[in-house]
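The values are calculated or read from the model by the stated rules, or taken from the named source; none is laboratory data. From a predicted model like this one, the values you see are computed outputs, not experimental measurements. Because the Cβ atoms are built from the backbone with ideal geometry, glycine has one as well, and the counts that use them run over all protein chains shown.
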Amino acid sequence: MTQPVVYIERDGPVAEVVLNRPEKLNSLSWEMIDRLEQALKELRDARAVLIRGEGRAFCAGWDLSQLDNSRDIGQVMRARVHPVLLGWYSFPVPTIAAVHGACLGMGLGLAFACDVVIAAEDAVFASPFRRLGAVLDSGGHYHFVRLLGRHRALELIYTGRRLSAREAEAWGLVNRAVGNEELLPVAREMARHIADGPTVAFRLSKEIVLASDRLDLAGILEAEAIAQVEAARTQDFREGMRSFREKREPTFSGS
């Protein structure tokens, strides 16, 4: 049976979202966008989500043959693409991108919408918009500036320079670069480790991290105090306290 262009695999509390258009290096189509949006609705019960690509690449960006020049591209992006990228960026479940091969254009936007990015040695990160006479999109300005700073962000935009996995790791663009054969084992082990953790506490921390750009220290302290009250109501908090007293590892249920 042929798998759809984006499909989901589950292993207990861990879900994998697989980009499955390998003949196009997983360049994104409208059908893929729709399925990525649907996955946001289906995976809220997961405790960790890993996104990866089939074939030789993670995602080579947008499939330009899908564009309709008769339509306002800005309106189309606002209506169809932005909700998906924003949805994955703010998804209440920890997310990991396992990147190999090309990670270009909108592929960058999808990968950097995730909480953790692990790259295989053959991964290549680049903004191809210079060649197209177009503006970096899919949140690239947001992620580049926050991860790299103004100077390196503009260098990548102006030059279209391709970064290897090791360069991306050194620049702080990805969490870790690993051997090609290690990518999925490492990413899956991290996903399992995260899924074993206190899920509600992780969600609350993610909310604070995402809000940190608009909060000062006093605001962060207040957000932490509010979140701690909510966390203290969970089964996992009680298990954490109990296991500490009993000098054993906690067994969290995600509730």
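Observations
- Looking only at residues in region 125-146 that are modelled with pLDDT under 95 and aliphatic (A, V, I, L, M), the one that is nearest to N175 (Cα to Cα) is A126.
- Scan of region 222-255 for residues that are outside any loop (DSSP other than H, G, I, E, B) and among the aliphatic types (A, V, I, L, M), ordered by number: A223, A225, I226, A227, V229, A231, M241
- Residues within region 130-147 that are hydrophobic (A, V, I, L, M, F, W, C) and surrounded by 18 or more Cβ atoms within 10 Å (Cβ to Cβ), tallied: 2
- If the condition is being surrounded by 20 or more Cβ atoms within 10 Å (Cβ to Cβ) and either assigned by TED's automatic domain parsing to the domain that holds E224 or in a helix (DSSP H, G or I) (or both), then region 170-189 contributes L183, A187.
- Flag: L108 matches the condition of being assigned to a helix (DSSP H, G or I), of a type outside the set (S, T, N, Q) and surrounded by 23 or more Cβ atoms within 10 Å (Cβ to Cβ).
- For the residues G219, G197, the requirement of being assigned to a loop (DSSP other than H, G, I, E, B) and not acidic (D, E) singles out G197.
- Filtered by the rule that a residue be closer than 12 Å to S138 by Cβ and in a helix (DSSP H, G or I), region 81-105 gives V81, H82, V84, L85, L86, W88, Y89.
- Residue that is surrounded by the most Cβ atoms within 10 Å (Cβ to Cβ), among those in region 229-255 that are polar (S, T, N, Q) and touching a helix residue (DSSP H, G or I) at 6+ places or on another chain (Cβ under 8 Å): T234
- Filter pass, F91 being at pLDDT 95 or above, touching a Cys at 6+ places or on another chain (Cβ under 6 Å) and surrounded by 20 or more Cβ atoms within 10 Å (Cβ to Cβ): no
- Test: A168 is of a type in the set (A, V, I, L, M) and in contact with a Pro (Cβ under 9 Å, 6 or more places away or on another chain): no
- Of residues in region 48-78 being assigned to a loop (DSSP other than H, G, I, E, B) and surrounded by 23 or more Cβ atoms within 10 Å (Cβ to Cβ), the one nearest to the chain's Cα centre (by Cα): F58
- Long-range neighbours under 9 Å by Cβ, at least six apart or interchain, first residue over 21 Å from R52 (Cβ atoms) within region 118-135, second charged (D, E, K, R): S127/R161; F129/D137
- When D213, D137 are screened for being of a type in the set (D, E) and in a helix (DSSP H, G or I), only D213 passes.
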